[in-house]
Amino acid sequence: MKPFLAACIATSLALAAPAAVRAQATPAPYSLDGTFSIYTEQTSGVNAAGSLDTAGGPDRAARTDLSNALFVFAKNTGFFRFGITAGEYAFPTVGEAINQTAQAGANAALFGYVPSVYVAIVPNEHLTLTAGQLPALLGEESDFTYQNVNVQRGLVWALEPVFSRGVRATYVQGKFTGDLEYDDGYYTATHRAFEGLAGWAPSATTSFQFAFIVPEAGTPGNATSSIANKSEYDFMFTQQAGKLALMPYVLLVDSPASSALGYAAAESATGAALLAQYAFDSHFSVAARGEWVANASAVSDASPNADFLGYGPGSSATSLTVTPAYRTGYLFARVEFSSVRLANARAGLGFGPAGTAATQTRFVAETGLQF
C-alpha cells in the first residue's frame, strides 16, 4: 500500500500485509505502533454544504479536533501473519467540509473503529494471501493524516476507494510486484469488485505502478461514495532524487450507464496530481501538492452519475497545498496552507455563505506523538 510514499515520511508500519512484507527485508516478528495527534484549521470560503453538525450543512470557519488516536499491532513474520489498526481518525480533505472527528456519518463512523484488520498466509518469499478489511491499492496518498506528506487529503484522493473488505493475492518477483483483490468495491457490503496493482521498480529510487478497480455496473452509491459503480485506472510514478521525492499520478474515472440506478448515460472524470517533498535534514522538510480534477459532463447534464466532484456536472477544480514539517524523536509538528479554485460549480455547491464563491483557502496546523 503506497510503500514509496510511506518511506518518504518515515511512517513506521504499512497497514496492509502485502506492503508490510515488501517494505522490510528483516521485519521484527511483532510490532506495535501508535499515533496520537490533534489539528486545528481556519477556513476562508467555507463549503456551503457537507457539514453534519450545523443546521443546513454549511461548514464552520474554525475547528480544532483529534486527527489520529490509532494503534497498529501486527505479526510480521512466519507462515501465518495478521494485523489490526484500531482507534479514532479523521479525513480532512481540501475543498470539502471538515466534520468533527467523532461525528456520526463521517470519519470513523464510516469505516469503524477498526478500519483495517487482516490475516495473511505467506507460503514463500514471493506469494502472500490476505483477507480482511484492507486499504485500497489506488493512489499515491494513504488514508490517515500521519501517513502523508500533507495534513489534508487531496481532490484526487477524494475520488478513490478508501477501504474495502475482501481477499488479496500479492506476488513479488525481483523488481516486479502484482496484487489482485476481490472485494466489495467502495465499501458497499452488497456488491463486488476486482481491484489490482502492477508495479515495476527498476531501481531503489524509481517505481512505476498501475492500479485499477472495476466494480459491478449496478453497484449503488453509499455513504462512502455517492457513485460506486465507477471504474478507476491509476497511473503512478515515484522518483527519489537526493533529498527530493516526486510522486505524480493520473486517475481516470468511468461510470457506466445503468437503468437500475437511473444513470442515463456513461459519465467520466479525470484527475492529475503532483506530490513532492524536500527533506532539508532528518528534522525539517517541506511538501507540496498540485492537483486538477474535472467532470467530463456538460453543465446541463442531468444524469445522477454526472458529478464525481460534488460541485455539479461540468465542474472542475484545482488545488495547491504546501506543508512545512518538523520531526524530532517521537514528536512531529507541521503547518499547512491550501487553496482550491472551482470552475463551473453549480450555485449552492461552491464556497462562501451562498455557495457561489469559487475559491477556498485553509490554514491547518497538526502536532502529535508517533511511536
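Using +1 at the Cβ of each Lys and Arg and -1 at the Cβ of each Asp and Glu in the chain, identify which of Tyr326, Tyr118, Phe308 lies farthest towards the dipole's positive end.
With unit charges placed on the Cβ atoms, the residue in question is Tyr326.
So, in the chain, how many Lys pairs have Cα atoms under 30 Å apart, if the pair is 8 or more places apart or on different chains?
Eligible lysine pairs with Cα atoms under 30 Å apart amount to 6.
Count charges around Pro92 for me, please; just the other residues with Cβ under 10 Å from its Cβ, Lys/Arg as +1, Asp/Glu as -1.
-2
Could you give the dipole magnitude of the stretch 238-320 about its Cα centre, charging the beta-carbon of Lys and Arg +1 and that of Asp and Glu -1, in debye to the nearest 20?
Result for the stretch 238-320 is approximately 280 debye, rounded to the nearest 20.
Would you mind working out the magnitude of the charge dipole of the chain relative to its Cα centre, with +1 at each Lys and Arg C-beta and -1 at each Asp and Glu C-beta, to the nearest 20 Debye?
So the dipole magnitude of the chain works out to roughly 560 debye.
Given 10 Å bins starting at zero, what is the percent of C-alpha pairs of the stretch 3-370 in each, up to the one with the largest pair distance?
5, 24, 36, 26, 8, 1
For the stretch 272-313, calculate the relative contact order in percent as a whole number, restricting contacts to Cα pairs under 8 Å that are 6 or more residues apart.
Relative contact order for the stretch 272-313 comes out at 30 percent.
Name the residue farthest towards the positive end of the dipole of the chain from the options Ala55, Gly78, Phe208, assuming +1 on Cβ of Lys and Arg, -1 on Cβ of Asp and Glu, about the Cα centre.
Gly78
Defining a contact as two alpha carbons under 8 Å apart and six or more residues distant in sequence, what relative contact order in percent does the chain show?
Rounded, it is 15 percent for the chain.
Dipole of the chain (Lys/Arg Cβ +1, Asp/Glu Cβ -1, origin at the Cα centre): which of Phe144, Ala272, Ala223 lies farthest to the positive side?
Of Phe144, Ala272, Ala223, it is Phe144.
Add +1 for every Lys or Arg and -1 for every Asp or Glu among the other residues with Cβ under 15 Å from the Cβ of Pro220, and state the total.
With Lys, Arg at +1 and Asp, Glu at -1, the net is 0.
Treating only the Cβ atoms of Lys and Arg (+1) and Asp and Glu (-1) as charged, compute the dipole magnitude of the stretch 87-242 about its Cα centre; round to the nearest 20 debye.
80
Ratio of alpha-carbon Rg to the 2.2 N^0.38 Å globular estimate for the stretch 157-249, to two decimals, please.
Output field value: 1.23.
FYI, it's all coordinate maths here, none of it is from the lab. Just so we're clear, the structure is a prediction, and the values are computed from it rather than from any experiment. Here the Cβ is made from the backbone with ideal geometry for all residues, glycine too, and neighbour counts use every protein chain on show.
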